[in-house]
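Since the structure comes first, as structure tokens, the remarks are kept for the end.
The values are calculated or read from the model by the stated rules, or taken from the named source; none is laboratory data. Bear in mind the structure is a predicted one, so any value in this text is a computation, not a measurement. Quick reminder, even Gly has a Cβ in these numbers, built from the backbone with ideal geometry, and neighbours come from all protein chains shown.
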Amino acid sequence: MTDTQLSNKRIAKNTILLYVRMLLLMLVSLYTSRVVLSTLGVSDFGIYGVVGGIVSMFTFINSAMATGTQRFLTYELGRGDQVRLRKVFSMSVNIHLLLAVLVLLLAETVGLWFFYAKMVIPAARLTAAFWVYQFSVLATLVMILSVPYNAVIIAHERMSAFAYISIFEVVAKLLIVYLLLFSSWDRLIYYAALVLLVQLTVRFIYSFYCKKHFPESAYHWEPDRQLFREMVGFSGWNFWGNCAAMAFTHGLNLLLNMFFGPVVNAARTVAVQVQGAVFQFSSNFQVALNPQITKSYASGQWDYMHSLIFRSSKFTYLLLFVVSLPVFLKVDYILALWLKEVPPYSAIFLRLILCVTIVDAVANPFMTAAAATGKVKKYQTLVGSILLSILPISYVVLKLGGQPYSVFIVHLCVALIAFVARLLVVRPLIRLSVGAYLRQVLLPLFAFSLVGVILPACYSWYSDNSFLSLVLVVLLSGVSTLLFGYLLALSKSERIFVRNKVQTLFLRR
């Protein structure tokens, strides 16, 4: 078996493991969101979402460094340099410790000022919101310090670790829900404290796993100014891109709070919960594929790298399409079935956020490819600047009397512009043919979308809002995606690959 075949087999295995993990987390996440919203109430649920958003604003600093850590670890694994790999890990621990201190200082100064001076929170819930804020700060610090260990697992493509540890995480989150139902304490504070406890426990499990299986994850104090400058310099340009991401995610949430209050924040939180579950269907595939993109660049396999990028974009779209279409068509019924009380604007928020998610997910392989080269200055400067414009444009639109959903229309339009910019910037970095990408990815997906949506949409239009109707829409979406995806979206070689896999599966039985 060739190296490429082994890599493809590893990608398939890791994707399956990540989907098992995703299904567990998705089911629990959707169930717990329903119970938590019902238990806390719309206002407290909105407060939890927006207060946590303040803390998350500071994590864009960490996100930039996390991308760099992932890239350097995966790159050194691709080169096979174990000494350098150990140094990279130890340096990443040092850097993330410094970042944790920086985020703590920002959260307890700038963050607290914003909390008291700008947030729209009912006076009776201000104390509870303060403690939610503090627990969220601690949870964020735990997340920052966990990055090097999670990056090592992904770099080694040990996705089984995520699947197994998620079983514990699922049980813990279910336990939180039941404890919340029977608690006589302030449930908003209690919920935030329990979430922190679960994150702490999971973080130590990941750390223990890494130290047991990967020798390089044993920390050593090894000062290396050159490596420090390389990693921070690479992440410095990612900082700008993550600053933009922070602005149009948490910044939009804060704008909605300033203009419309916590009830609209609850609607956005609900929409983001569903969007997060849907996005997992594609992100798991990309997480399994991304290390191979970086390793193929490190080993000089250009053609294989291009094929991975094309597959990542194409299959990401197909996976999101089959999951998003039923949600898009039956969103009102799904929300009513899921939640006891549906916050206003939830349906339209969710539809628009799903569209943005699809555009961004298809473009994600470009960022992975750019990061693999280490030349991210132009990419992050241009794309980050485009995305950063979402916040001021949205502010102007709301000032002029725009409805809450108008900020997501702005987001979608800017995301489409950023997609084109990503493709054009990454082209010379990895010798990518734009024409080949259009012919092999975008045009087939466009043709598939026009045809694949017809049957589910027609049935949904003429059917009633019932559980049976929802099930049939899901089935029709699946059939349309399988049939027309196979005929219109896949290339000849990809269709042969699928046929061979299906035949092998049945022959084994």
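Quick one: in segment 420-445, of everything that is of a type in the set (D, E, K, R) and part of a helix (DSSP H, G or I), which residue is surrounded by the most Cβ atoms within 10 Å (Cβ to Cβ)?
Arg422
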Among what's in segment 405-419 and is among the β-branched types (Val, Ile, Thr) and closer than 13 Å to Leu252 by Cα, pick the residue that is surrounded by the most Cβ atoms within 10 Å (Cβ to Cβ). Val407
Of those in segment 77-86 that are surrounded by 19 or more Cβ atoms within 10 Å (Cβ to Cβ) and modelled with pLDDT of 80 or more, the residue farthest from Ala369 (Cα to Cα) is Arg86
Please enumerate the residues belonging to segment 141-173 that are among the polar types (S, T, N, Q) and under 24 Å from Val35 (Cβ atoms). Ser166
For segment 70-175, which helices (runs of 4 or more DSSP H) that fit wholly inside it have 3 or more residues that are closer than 24 Å to Asp186 by Cα and not aromatic (Phe, Trp, Tyr)? 126-155
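Determine whether Leu398 is in a helix (DSSP H, G or I), in contact (Cβ under 8 Å) with a residue 24 or more places away in the chain and closer than 30 Å to Val264 by Cα.
Yes: the conditions hold for Leu398.
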Exception for Ser324 within (1) over 22 Å from Phe349 (Cα atoms); (2) in contact (Cβ under 8 Å) with a residue 40 or more places away in the chain; (3) among the small types (Gly, Ala, Ser) falls at (1)
Go over the candidates Leu490, Leu455, Leu472 one by one and state the one that is surrounded by 14 or more Cβ atoms within 10 Å (Cβ to Cβ) and at pLDDT below 90. Leu490
Just a yes or no: is a residue in segment 218-231 free of Cβ contacts under 8 Å to residues at least 60 places away in the same chain, part of a helix (DSSP H, G or I) and of a type in the set (A, V, I, L, M)? no
Restricting attention to segment 385-395, which residues are polar (S, T, N, Q) and in a helix (DSSP H, G or I)? Ser385, Ser394
